[in-house]
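Beneath this line is the structure, given in C-alpha cells, with notes to follow.
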Amino acid sequence: MSEKRPVTMEKIVNLCKRRGFVFPTSDIYGGLSSTYDYGPLGTELKRNVKEAWWRYMVHERTDVIGLDSAILQHPKTWEASGHLKSFTDPMVDCKDCKHRFRADQIPDAAKCPDCGGPLTEARQFNMMLKTFLGPVEDSAAVTYLRPETAQGIFANFANLVDTQRVKLPFGVAQMGKSFRNEITPENFIFRTREFEQMEMEYFIKPDEAEEAKWFEYWVEHRMNWFLKFGAKRENFRLHQHPKEELSHYSRGTTDLQYRYPFGWGELEGVAKRGSYDLDQHANASGKDLTYFDEEAKARYRPWVIEPALGVDRAMLIFLLDAYDEDVVDNEERIVLRLDPRLAPIKAAVYPLLRKGGQPEKANEVRLDRTALSAPGRGRHPLRHHHRS
Ligand code: ATP
C-alpha cells in the first residue's frame, strides 16, 4: 500500500522533543548513542500504555497472574536459557570506512552499504550486557543485565505453582527493563540498548492441538489489543518466521509487524517456546519444574506460548497512528488523536485570568476528587457535597 501518511519519523522525533515526550539521554554531554529519556508527557503516555496492557492481559482475566522479577539473575540462568551461547547477532565491519553492521540486515553480505567497500567475515556477537556484582571484577563476579524478562518467570515456575493454586492453562505476565547490546540501534525508540518489555508466558498442556489453538488465540488477542487502543489495522500484518530465522528457543514464531515510516518491522512476537525453558532450567538446577495434572494424575512440564512486546515500540506506533495535521482558522496544527485511555492529558482546567483568585479556583476544581471519578460512578463534579 502506498497511500501517503502525513507522518514521518523526523516529525515524530521533533514533536517528541518539543513537547517533552522523549529527550535524548545525556543531552548536555552530546547524548549517548540511541538512548532516550522520557519527559513528562512521554512518562504519562508510557504509564498508560503499560496500564492498558496490564489491565487487558492480567486484571480483566482470571487465568493470568503477575510477576516482577529482578533485572539481575543468577548467571547460570543465561547459561541454561541458551542466551550465553545463542543470543548472538552476526556482525561485520567495513574494511574501508570502518562502519559496523548486522550481517542479516544488509542487502549484500560482502559489500558495505555505506561506501561499497569490502566487509570482514561475519563474527557472532553476544548481545547481553555484561556486568560485575560486588567490588571484585573477576570472572566469578560476572553476570548480565537481562536481555528478556521471560527468564525470571521460568525461574519462578516452582514458586508460582506451589503458592498460587494455578491450573493449566494459565499465564504469568511481567513488564520491566531489558538490555541488549544491539550492534546497530536505530530509528529513535524502535531499537535501543535499554528498553522495556511486556511479556506473558502462557503455560498449556504439552499437546500440539492445544499449542495450535492457543497460539492462534494469542496472535488474534494481541492484534485486537492494538486495535482496541487506537492503532490502525491497515498498518499491521502478520509475518511467520521461516525455520532458519527462529530463535534458539522457538518451535514457531509469528510477528505482528507494523508499517513504520522506515518500512515494515517487528512490533510484537508471539512464540511457541514448548517446554524448552523449563527443561533447560530443570536440568541446570536439578529442581523439579513439573506441574501436577489432577485430572490426568500425571506430572509434566507444560508448554508455553509467549506474546512479547516492547513498551517503547508500542508507544511509538500509538504515536505514529495518532499523528495528524489539520488547519484550524487558517492555522496549521499537529493533533495527536490518541485514545483517551492512552492520552497523557485527559482534560485540563484553565483559569480564564491569572488573577482574582481564578488560578486558585482552577486548582481547587482540578484537585476535587469527585470530579475525577469515573462517569456514572462519581458524583457530579460541579455540585457541592459535604465530605465527612
Ligand atoms: P528484532 O528482530 O527487532 O531485533 P527480536 O525478534 O530480537 O526483535 P524479541 O526477542 O522477540 O525481539 O523481543 C520481543 C519484543 O521486544 C520485540 O517485538 C520488540 O517489541 C521488543 N524489543 C526487542 N529488542 C528491542 C530493542 N532493542 N529496542 C526496543 N524494543 C525491543
Please count how many residues of the range 163-197 are part of a strand (DSSP E or B) and closer than 21 Å to Val22 by Cβ. 11
Being modelled with pLDDT of 95 or more, within 29 Å of Glu208 (Cβ to Cβ), aliphatic (A, V, I, L, M) and within 16 Å of the ligand (Cβ to nearest atom) narrows it down to one of Leu309, Leu320, Leu316, Leu289, so name that one. Leu309
Identity of the residue in the range 242-261, within 13 Å of the ligand (Cβ to nearest atom) and closer than 29 Å to Ala322 by Cα, that ends up surrounded by the fewest Cβ atoms within 10 Å (Cβ to Cβ): Gln257
For the range 135-162, give me the residue count where each residue is modelled with pLDDT of 95 or more and part of a strand (DSSP E or B). 2
Being open to solvent by less than 10 Å² (accessible area, probe 1.4 Å), near the ligand (Cβ under 9 Å from one of its atoms) and of a type outside the set (S, T, N, Q) is the filter here; which residues of the range 170-210 pass it? Ile189, Met198, Glu199
Checking the conditions here, which among Ser247, Ser178 is out of contact with any Gly (no Cβ under 6 Å at 6 or more places or on another chain), modelled with pLDDT under 95 and among the hydroxyl-bearing types (Ser, Thr, Tyr)? Ser247
Going through the range 66-110 one residue at a time, which ones are of a type in the set (S, T, N, Q) and assigned to a loop (DSSP other than H, G, I, E, B)? Ser69, Gln73, Ser81
Matching entry among Asp277, Asp288, Asp293 (being acidic (Asp, Glu) and open to solvent by 40 Å² or more (accessible area, probe 1.4 Å)): Asp288
I need every pair where a residue in the range 195-220 that is of a type in the set (Lys, Arg) has its Cβ under 7 Å from the Cβ of a residue that is away from the ligand (no atom under 16 Å from the Cβ) and open to solvent by less than 10 Å² (accessible area, probe 1.4 Å), sequence separation at least 6 or different chains. Lys205/Pro302
Taking the range 38-52 on its own, how many of its residues are open to solvent by less than 70 Å² (accessible area, probe 1.4 Å) and under 19 Å from Thr192 (Cβ atoms)? 9
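The values are calculated or read from the model by the stated rules, or taken from the named source; none is laboratory data. Predicted, not measured: the structure shown is a model, and the values here were computed from it. We place every Cβ from the backbone using ideal geometry, glycine too, and count neighbours over all the protein chains shown. Remember, those area values only see protein heavy atoms, side chains included, never the ligands or the DNA or RNA. Shrake-Rupley method; radii C 1.70, N 1.55, O 1.52, S 1.80 Å.
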